[in-house]
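J.: Take a look at the following structure, please.
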Amino acid sequence: METITSKKTAKNNPEKLRISGAEAIIHCLLAEGVDLIYGYPGGAIMPVYDELYKFQDRLTHILTRHEQGATHAAQGYARVSGRVGVAIATSGPGATNLVTGLADAQIDSTPIVCITGQVPRHLLGSDAFQETDIIGISTPVTKWNYQVTKAEEIPDIIAKAFYIARSGRPGPVLIDITKNAQFDELDFHYEACKGVRSYQPVAKVSEEDLDAAAALINQAKKPYIVYGQGVILGKAEEELKQLVEKAGIPAAWTILGLSAMNTDHPLNVGMVGMHGNYGPNVLTNECDVLIAIGMRFDDRVTGSLDTYAKQAKIIHMEIDPAEVNKNVKADIALLGDAKETLSRLLPRIKKNSHEAWRNEFKLKYEEEFREVIEKDLHPTKEGLTMGEVVEEINLATKNKAVIVTDVGQHQMVACRYAKFDQTKSNITSGGLGTMGFALPAAIGAKMGAMEREVVAIIGDGGYQMTIQELATIYQNKLAIKIVVLNNDHLGMVRQWQELFFESRYASTVMTNPDFVKIAEGYHLRANRVSERKDLKKAVREMIASKEPYFLEVKVEKEDNVFPMIPSGASVSDIRLK
Amino acid sequence: MEKKWFTISVYSENNVGLLNRISGIFLKRHINIEGLNVSKSEIEHVSKFTIVVFTTEDWTRKIVAQIEKQIEVIKAFYHTDEEIIYQESALFKIASHLLFDERQIQNIIKESNSQIVTVSREFFVLAKTGRRHEIDEMHDQLEPYGILQFVRSGRIAVTKASMPITAMLNAYENQE
Ligand SMILES: Cc1ncc(C[n+]2csc(CCOP(=O)(O)OP(=O)(O)O)c2C)c(N)n1
């Protein structure tokens, strides 16, 4: 059936090879340019592990300490490198442990391919040992999934998996392979997939729509750009910068758009959303043309839709047709790849500078600086703030690090204050908000960009969800810098309890272990800071280390992250305190 | 926004998992599927799902976009009742003696334009094809006499406008 539905190009490997399904899987991965995978072995995937042993000089397998870690590592790798991440696991519990990573990759459009072992075909549906319906379970959280029950299917299906994962709006694909298909032999022949007839990954933007969009932008008095991860996935960073500079349009990032544009660029005005910057949120409701590029108007970005940018004409550049007019109605939808759309739009755009309008962002920034930023970055109170730690990391890394964050207050603070001068440098779980993401994602991020400094900033809660990956870091000598901002609370939930549940701190106070001893137990260099006077030196020492390094910073226990749009409120009603 | 009946037509590749994928989209939005029919279509190897929902046009449009996004879906459309020709069919199983004891039943059979599919000593089976309300009417008329079994199919529909699926598939094949 696959030959009917998939187009193929002949590759330079016409001669047939008679090999096992398990070996074929390795050849497929190699043919796709994969040299690194993450995973965890078990009964139903053992034939593949046996082949991995034989091919270890060409294909590195990293044993994470939990399958969830393997998926997040694959995600971190994919996000930093722009390539497809790969994770493998056994059937049953191995497969179900992938679900969180799949869901995260699905909502954050991350290209990963997961391969799971499955009980032999003749046992399917019999509740055999470690049988689980991972196709059924993973359907809502995958871009595509497929169960292979015959060895001959392997090459075409894996080719299709990689094609689907990385094309169009990227996403996770899961291929479940029964054990008999791994053992059985096939005539191996690999052809990369070039297309699937029922799937059109990228639409083409019409000239008329580009003209209409350009006309709107050219006559706008207060145009405003909000850019998301689509810019990074579409490799459209340069085109975005050109548009911003040519038309003099202030631009703000969504949490996943961060790092697509230099954070120090004068027209890069800050972050939108619940804990974004003051001006970018408030002025959303004052712009006359809102140009949304590669973002999907998530509810954490828009707040109440009834009061979101109602005065503005909306231009929505988006690759996924299902995202257009889903949350915010677009006056002009430019359905396609961000790079192509922007480069065709640029010649139609008139030079402009919009000084007065840009000044409004400046004034709002000054207000936010006085009320919030100064206190975060240059506090005068005794306790350490998360903001000043992030600022020290900026200084020590000269804005060049990949920053991986977990979920909670520290994440919002990092996405507000971390500075970036390179794209693909902000790795965080945006759409799903997966605590436990950062430590394993940092493993993938480091391996996707070995030459770069990778700093994981994690809360004391989320850290303990995937803390076992310290062993993976040590075993593979990955010089990741791990910073735990310890407030002895599930800080973000505690903040909500304080603000909206009259400080009833239900199950958000944590009695924590000695994190330094734990890191040392995993053979890592470790340090702890609890006073301001020691912070700079400790951060510098950590960054200077050539080895993995753990730094615990004891921060103020009950600090809140501001500004904040209370959930369901309007972006105009953002609170500075 | 006003709720209405919408018929969603989905052209897709044959795939075991696809029904699950499609129904999951309705599940996520808590929309009840009022009718579902899967069959082959006018194109070889292409299946057609006909799904009936009662909801707003806005939601229907969003659901259709999310259905169409699934890899194996070739194209999905939605239509109002005015834009399609549609039918459902139903089977009624009724005790045979009623055919002779209750003269009114013979009138119902005649007036409803239904057919007797089979007759045995114990029971006979009536088949009725038509609009939902016609089947409902017939059901209401027969009910007082006792219906042993009743079943109604999902809606099947063809559109008044043409469906450009073959052209789409040809365009794909000729792309190179
Ligand atoms: C897996 C998971 N469970 C629960 C939550 C809900 N949640 C969001 S933030 C948060 C608190 C995080 O605390 P911590 O990791 O200490 O970070 P902090 O907010 O203190 O920086 C919780 C529980 C979540 N996002 N993910």
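J.: Out of all the residues in region A:387-401, is one or more in a loop (DSSP other than H, G, I, E, B) and either open to solvent by 70 Å² or more (accessible area, probe 1.4 Å) or within 30 Å of A:ALA203 (Cα to Cα) (or both)?
T.: Checked against the condition, which is being in a loop (DSSP other than H, G, I, E, B) and either open to solvent by 70 Å² or more (accessible area, probe 1.4 Å) or within 30 Å of A:ALA203 (Cα to Cα) (or both), region A:387-401 yields at least one hit.
J.: Among the numbered criteria (1) away from the ligand (no atom under 16 Å from the Cβ); (2) farther than 30 Å from A:GLY69 by Cβ; (3) touching a helix residue (DSSP H, G or I) at 6+ places or on another chain (Cβ under 6 Å), which one does A:ILE373 miss?
T.: (3)
J.: Return the residues of region A:368-404 that are among the aliphatic types (A, V, I, L, M) and touching a Gly at 6+ places or on another chain (Cβ under 6 Å); say none if nothing qualifies.
T.: Passing the criteria: only A:LEU377.
Residue-wise test of (1) more than 14 Å from chain B (Cβ to nearest Cβ); (2) open to solvent by 40 Å² or more (accessible area, probe 1.4 Å).
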residue	(1), (2)
A:ALA292	yes, no
A:THR302	yes, no
A:GLU323	no, no
A:ALA356	yes, yes
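J.: Go through region A:461-507 and report how many residues are away from the ligand (no atom under 15 Å from the Cβ) and among the hydrophobic types (A, V, I, L, M, F, W, C).
T.: Looking only at that region, the number is 6.
J.: Residue by residue through region A:325-354, note down the ones that are within 14 Å of another protein chain (Cβ to nearest Cβ) and among the polar types (S, T, N, Q).
T.: A:ASN325, A:ASN327
J.: Right, something else. From (1) within 14 Å of chain A (Cβ to nearest Cβ); (2) open to solvent by less than 60 Å² (accessible area, probe 1.4 Å), pick out the condition that doesn't hold for B:ILE31.
T.: For B:ILE31, the failing item is (1).
J.: Still on this model: Quick check on region A:304-321: of everything there that is among the aliphatic types (A, V, I, L, M) and within 13 Å of another protein chain (Cβ to nearest Cβ), which residue is farthest from B:GLN66 (Cα to Cα)?
T.: Within region A:304-321, the match that is farthest from B:GLN66 (Cα to Cα) is A:LEU305.
J.: Would you check if A:TYR49 is surrounded by fewer than 21 Cβ atoms within 10 Å (Cβ to Cβ), away from chain B (no Cβ under 14 Å), touching a Pro at 6+ places or on another chain (Cβ under 6 Å) and at pLDDT 95 or above?
T.: So A:TYR49 passes the test.
J.: Taking region B:48-78, which residues are within 12 Å of chain A (Cβ to nearest Cβ) and in contact with an Asp or Glu (Cβ under 6 Å, 6 or more places away or on another chain)?
T.: Once the filter is applied, which keeps residues that are within 12 Å of chain A (Cβ to nearest Cβ) and in contact with an Asp or Glu (Cβ under 6 Å, 6 or more places away or on another chain), region B:48-78 yields B:GLU72, B:ALA76.
J.: Right, next: Mind listing just one residue for me: the one in region A:86-127 that is closer than 8 Å to A:PRO172 by Cβ and assigned to a loop (DSSP other than H, G, I, E, B) and, of those, farthest from the ligand (Cβ to nearest atom)? Outline the logic, then answer.
T.: So the first thing to find is which residues in region A:86-127 are closer than 8 Å to A:PRO172 by Cβ, and the list is A:101-102, A:105-106, A:110-114.
Narrowing further to those that are assigned to a loop (DSSP other than H, G, I, E, B): A:110-111.
On the way: A:THR110: 17, A:PRO111: 23 Å.
So, considering only residues that are closer than 8 Å to A:PRO172 by Cβ and assigned to a loop (DSSP other than H, G, I, E, B), the one farthest from the ligand (Cβ to nearest atom) is A:PRO111.
J.: Here is a check on your reading of the model: is A:LYS364 more than 16 Å from the ligand (Cβ to nearest atom) and in a loop (DSSP other than H, G, I, E, B)?
T.: Numbers: more than 16 Å from the ligand (Cβ to nearest atom): yes; in a loop (DSSP other than H, G, I, E, B): no.
Criteria not met by A:LYS364.
J.: Separate question: Could you list, in sequence order, the residues of region A:255-288 that are in contact with a Leu (Cβ under 9 Å, 6 or more places away or on another chain), open to solvent by 10 Å² or more (accessible area, probe 1.4 Å) and assigned to a strand (DSSP E or B)?
T.: Listed by number, the list holds a single entry, A:VAL269.
J.: Within region B:85-133, work out how many residues are open to solvent by 50 Å² or more (accessible area, probe 1.4 Å), hydrophobic (A, V, I, L, M, F, W, C) and not in a strand (DSSP E or B).
T.: Residues that pass the stated criteria total 1.
J.: Let me ask something else about it. Tell me, which residue of region A:432-451 that is in contact (Cβ under 8 Å) with a residue 60 or more places away in the chain and open to solvent by 20 Å² or more (accessible area, probe 1.4 Å) is farthest from the chain's Cα centre (by Cα)?
T.: By that ranking, first place goes to A:MET447.
J.: What pairs come up if the first residue lies in region A:139-160 and is facing chain B (nearest Cβ under 9 Å) and assigned to a helix (DSSP H, G or I), the second is of a type in the set (A, V, I, L, M, F, W, C) and surrounded by fewer than 21 Cβ atoms within 10 Å (Cβ to Cβ), and their beta carbons are under 9 Å apart, counting only those six or more places apart or on different chains?
T.: A:PRO140/A:ALA103; A:PRO140/B:ILE25; A:PRO140/B:LEU27
J.: Could you please find all residues in region B:1-28 being in contact (Cβ under 8 Å) with a residue 12 or more places away in the chain and surrounded by fewer than 13 Cβ atoms within 10 Å (Cβ to Cβ)?
T.: Answer for region B:1-28, where residues must be in contact (Cβ under 8 Å) with a residue 12 or more places away in the chain and surrounded by fewer than 13 Cβ atoms within 10 Å (Cβ to Cβ): B:MET1, B:GLU2, B:LYS3.
J.: Does A:ALA252 satisfy being under 28 Å from A:ASN560 (Cβ atoms) and not in a loop (DSSP other than H, G, I, E, B)?
T.: Yes, satisfied.
J.: Does region A:228-249 contain any residue that is part of a strand (DSSP E or B) and touching a strand residue (DSSP E or B) at 6+ places or on another chain (Cβ under 9 Å)?
T.: No.
The values are calculated or read from the model by the stated rules, or taken from the named source; none is laboratory data. The shown structure was predicted, so the numbers you read here are calculated from the model rather than taken from an experiment. A quick note on method: Cβ atoms are made from the backbone with ideal geometry, for glycine too, and the neighbour counts reach across all protein chains shown. Surface accessibility is based on the protein's heavy atoms, side chains included, excluding ligands, DNA and RNA. Shrake-Rupley method; radii C 1.70, N 1.55, O 1.52, S 1.80 Å.
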